[in-house]
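The structure appears right after this line, and notes come after that.
Nothing in this text is a laboratory measurement; each read-out follows from the coordinates by a stated rule. Just so it is clear, the structure is predicted and the values come from calculations on it, not from any experiment. All Cβ positions, even for glycine, are placed from backbone atoms using ideal geometry, and neighbour counts span all protein chains on display.
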Amino acid sequence: MSPAPRAPARVGILGAGTVGAALVRLLARHPELAVTAVLVRDPARPRDLGPRPPRLTTDPDEAIDGADIVVELLGGVSWPTALMARAAERGARLVTANKAALAEAWPTWRPWVEAGRVGFEAAVMAGTPAIGPLTGALRGSRMRSLEAVLNGTCAYLIGEMERGVAFEAALAEAQRLGYAEADPSLDVDGWDAAHKVAIVARMTVAPDLAWTDVLPHVRGVRGLTPAGVRAERTAGRRMRLVAYVEPDGAGGWRVGVEPRAVASDHPLAFLADGRNALVYRGDAVGEVWIAGPGAGADVTASAVLADVLQAARGEPGPRPAWAVASPLDASPAIPGTATPPPA
Ligand code: NAP
Ligand code: HSE
């Protein structure tokens, strides 16, 4: 006798903007996943939701209730965190691309993350894997330092300024490409990269890092000009908005973001416009580079979908490299999916 077919895992989605709509389109390829409902602000707004458009709602509970997995793609900090708390209370697995919420509301998210209940690969470098390698293959080494370009909007802006394009014109194009945050000052003032590097630091070496520890060390790209960026290039350097996790000289870590002119043989110098890159330096492994697209609708939805598939299989989400000895989440298995592996 063949086994009874599994019921599809139920996925509630909060947000169908740039990333949420792309996720809905990709989900059409996955009949094993059924969308409960999608929370939006304005259901009448035209949007491309592909061949299996789900029900849109303005009531968060319609998306959360009965969902095995809740995906948050709203943006913001307090309200999305409160909605995810509601989803967690109801036993759902959580997936988010929201680095602002993870960075600024870490005390709320931390227990869920440590329990392996949250997928958030998309929050750092979008579809290019970063959280997975940092909490997986690289945890056999002790991190010495990390430098990264984590904001696609600023990477694009700097590339355009090297070609002589004015700041405002380059930003408008980054917005059109779907790279920029709804509030682009988060990008250009360095906050988005700071959100991401705070997450990276906590998942690798600094679990107790407070958001207020990062704030004094954040500078964005507003002070850059096409002339200044081009002058660095003429001098054999490339301007980059660099997010860093570095020893502070007192046994701790300094975590921040600032424009740096990197030498032409620095790994971050080779980056194509708009892309992200991360340079990890570990005691045993040495220097490891990870690079790829770090923003945009499909690029981000690709990582969100991967996290949804992982949750639907009952596999735990990434857990901090320093917490590998703690027990796995004891929450019940998702109906219709595999039993979580033993700790
Ligand atoms: P977005 O285009 O602004 O979409 C936000 C969605 O949330 C929209 O569907 C909007 O509804 C909905 N929403 C906002 N406020 C709401 C409210 N009060 N009630 C109900 N629905 C509400 O944002 P996005 O670019 O998709 O980004 C989503 C998240 O992914 C953010 O946390 C962002 O930082 C993160 N992220 C984005 C990228 C990227 O490349 N864009 C990459 C990585 C991570 P309407 O559609 O009706 O307005
Ligand atoms: N606004 C972000 C960026 C989106 O430009 O990198 C990806 O997180």
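Looking at the range 58-74, I want the residues that are closer than 22 Å to Glu181 by Cα and have a partner that is within 16 Å of ligand 2 (Cβ to nearest atom) and part of a helix (DSSP H, G or I) with Cβ atoms under 6 Å, at least 6 apart or on another chain. Which pairs are those?
As it stands, the answer is Glu72/Pro80; Leu73/Val19; Leu73/Gly20; Leu74/Pro80, since those pairs meet every condition given.
Within the range 206-224, can one find any residue that is away from ligand 2 (no atom under 12 Å from the Cβ), polar (S, T, N, Q) and closer than 18 Å to Ala261 by Cα?
no
Please state which one of Ile158, Ile199 is closer than 15 Å to Asn276 by Cβ, in a helix (DSSP H, G or I) and more than 16 Å from ligand 1 (Cβ to nearest atom). Show your work before the answer.
Numbers: Ile199 fails: more than 16 Å from ligand 1 (Cβ to nearest atom).
When all the criteria are applied, what remains is Ile158.
Condition test on Ala194, is it more than 10 Å from ligand 2 (Cβ to nearest atom) and out of contact with any Asp or Glu (no Cβ under 9 Å at 6 or more places or on another chain)? Talk me through it step by step, then tell me what you get.
Details: more than 10 Å from ligand 2 (Cβ to nearest atom): yes; out of contact with any Asp or Glu (no Cβ under 9 Å at 6 or more places or on another chain): yes.
Taking the combined requirement at face value, the residue satisfies it.
Among the residues of the range 114-129, is any under 20 Å from Arg41 (Cβ atoms), touching a helix residue (DSSP H, G or I) at 6+ places or on another chain (Cβ under 8 Å) and not charged (D, E, K, R)?
From the range 114-129, those under 20 Å from Arg41 (Cβ atoms) are none; that's our starting set.
There is no residue in the range 114-129 that is under 20 Å from Arg41 (Cβ atoms), touching a helix residue (DSSP H, G or I) at 6+ places or on another chain (Cβ under 8 Å) and not charged (D, E, K, R).
Give the residue that is nearest to Gly127 (Cα to Cα), with candidates limited to residues of the range 1-46 that are more than 23 Å from the chain's Cα centre (by Cα) and of a type in the set (Lys, Arg).
Among residues in the range 1-46 that are more than 23 Å from the chain's Cα centre (by Cα) and of a type in the set (Lys, Arg), the one nearest to Gly127 (Cα to Cα) is Arg45.
Considering each of Trp106, Trp112 in turn, give the residue that is aromatic (Phe, Trp, Tyr), away from ligand 1 (no atom under 14 Å from the Cβ), in contact (Cβ under 8 Å) with a residue 40 or more places away in the chain and closer than 25 Å to Leu309 by Cα. Before you say what the answer is, go through the steps one by one.
Values: Trp112 fails: in contact (Cβ under 8 Å) with a residue 40 or more places away in the chain.
Trp106 is the lone residue from the list that is aromatic (Phe, Trp, Tyr), away from ligand 1 (no atom under 14 Å from the Cβ), in contact (Cβ under 8 Å) with a residue 40 or more places away in the chain and closer than 25 Å to Leu309 by Cα.
Among the residues of the range 118-162 satisfying the criterion of being more than 11 Å from ligand 2 (Cβ to nearest atom) and of a type in the set (Val, Ile, Thr), which is farthest from the chain's Cα centre (by Cα)?
Ile158
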